[in-house]
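The next block holds one structure in the form of structure tokens; read it before the comments.
The values are calculated or read from the model by the stated rules, or taken from the named source; none is laboratory data. Bear in mind the structure is a predicted one, so any value in this text is a computation, not a measurement. So basically every Cβ, Gly included, is an ideal-geometry build from the backbone, and we count neighbours across all protein chains shown.
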Amino acid sequence: MSAIQNLTYSKGGQTNTTGALQILNTQVFNIGGDRPNVNNTAIIITDGKPTQNDTVEGAINAVHQSGIRTLVVGITSQVDEDTLKLLSSPPKLVRMQVNFNRASE
């Protein structure tokens, strides 16, 4: 938890969700050394709507088809809840964190 609390947040820019999902699927999991007897679970923390929304569904489907379970946290009021649900593995529960002063609760 302390590693997450120490992350820096840079406001503005783009949200390359598709690129992040491709890296997740090819460089974080599903590589040599990945332990086959351990479930792959990723926590996706996103600060907005994907810059290229039309490619996200295919990218997250590839992640889920690879057996990677995803949990999603939206941070800011700019996040689209439908996108968070798309990114999340079943049962499609999402967490929204808008007030950073209360993030540690």
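Filter segment 41-72 down to the residues that are farther than 15 Å from Asn30 by Cα and buried (at least 18 other Cβ atoms within 10 Å of the Cβ), then identify the one that is nearest to the chain's Cα centre (by Cα). Across segment 41-72, the extreme among qualifying residues is Ile44. Scanning segment 28-55 for residues that are touching a helix residue (DSSP H, G or I) at 6+ places or on another chain (Cβ under 7 Å) and assigned to a loop (DSSP other than H, G, I, E, B), we see that the one that is farthest from Thr76 (Cα to Cα) is Gln52. If you go through segment 63-96 and keep only what is outside any strand (DSSP E or B), in contact with a helix residue (DSSP H, G or I) (Cβ under 8 Å, 6 or more places away or on another chain) and closer than 16 Å to Thr41 by Cβ, you end up with Val63, Ser66, Leu87, Ser89, Lys92, Val94.
For segment 67-105, the set of residues classified as at pLDDT below 90 and among the basic types (Lys, Arg) consists of Lys92, Arg95, Arg102, listed by residue number.
Six or more apart or on different chains, Cβ under 7 Å: which pairs go from a residue in segment 51-80 that's within 13 Å of Val94 (Cα to Cα) to one that's part of a strand (DSSP E or B) and small (Gly, Ala, Ser)? Could you list them? Listed by first residue and then by second, the contacts come to Thr70/Ala42.
Looking only at segment 36-66, which residues are among the small types (Gly, Ala, Ser) and modelled with pLDDT under 90?
Result: Gly48, single match.
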